[in-house]
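Take a look at the structure below.
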Amino acid sequence: MKSLSKFLVFAVAILGANTICAQKASLKGDEAKKRTEVKELVDSKRYTFEATKMVSKKGNSEVLKSGEDFDVSKDTLIAYLPTVGKPAGAPVRAINSGITCTRFSYTKEQGKNGGWNVTIIPKEKFAKDQKDIKKINMAISKNGYATLTVSFTDRDPVAFYGYITEHNAVFPPATGRTASNE
């Protein structure tokens with residue numbers, strides 16, 4: 001009887017070890033798949049940054065609800081982020097808080113640890129599109145986590161933490177205008 005119970009304990013230990021190894025292999029496969037998806041999204045210049053947290057220069061932070069995002073395509077930016085697209089002093093949750101920008105430059109550089117640094121600069125002469133946004137910097141990790149920092153012309157910058165997903169905005173069709181986004 002003792003040998004049977006020892007055998008059962010040994011068999012359970014072996015099965016448990018096999019399960020753990022299989023889970024680790026599956027997680028590595030999932031991680032590699034995620035990295036490939038993120039690379040394809042960043043290379044396509046068509047993705048959405050889903051914000052989960054906002055941090056002001058003063059260190060105040062706020063957890064954000066779903067729907068606070070920044071959509072990127074080759075010729076259009078659409079931002080629905082707190083404080084972005086509103087004049088200074090406007091309530092954070094003001095109606096018409098989003099912006100759409102069709103005149104901007106977009107540069108992507110290789111970042112640390114296999115990620116990317118993206119810089120977006122709205123064209124100054126199209127101020128009505130950008131609503132005082134000076135520059136947008138985004139540091140994207142190879143796993144899709146990102147930090148987006150918006151610098152304004154007349155107020156302190158604000159940072160957002162979140163992740164990159166497939167785009168979820170319906171971008172307007174091109175109207176014959178060209179944007180220098182290449």
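No value in this document is a laboratory result; all are computed from the given coordinates. Please read all numbers here as calculations on a predicted model, not as lab measurements. Glycine also receives a Cβ, built like all others from the backbone with ideal geometry; neighbour counts cover every protein chain displayed.
Annotations
- In this structure, the pairs whose alpha-carbon distance is over 27 Å, taken from Lys65/Lys135; Lys74/Lys134; Lys33/Lys134; Lys53/Lys135; Lys108/Lys134; Lys33/Lys112, are Lys33/Lys134.
- Cβ-derived FRET efficiency at R0 41 Å, Val55 paired with Lys33, nearest 0.05: 0.85
- Once the Cα-Cα distance is subtracted from the 0.36 nm per residue extended length, the Arg155 to Glu62 segment shows a gain of 31.6 nm.
- Gain upon complete extension [Asp43, Asn143; 0.36 nm per residue less C-alpha separation]: 34.6 nm
- Nonlocal amide H pairs with Phe104, under 5 Å, H built at 1.01 Å: Lys123, Ser180
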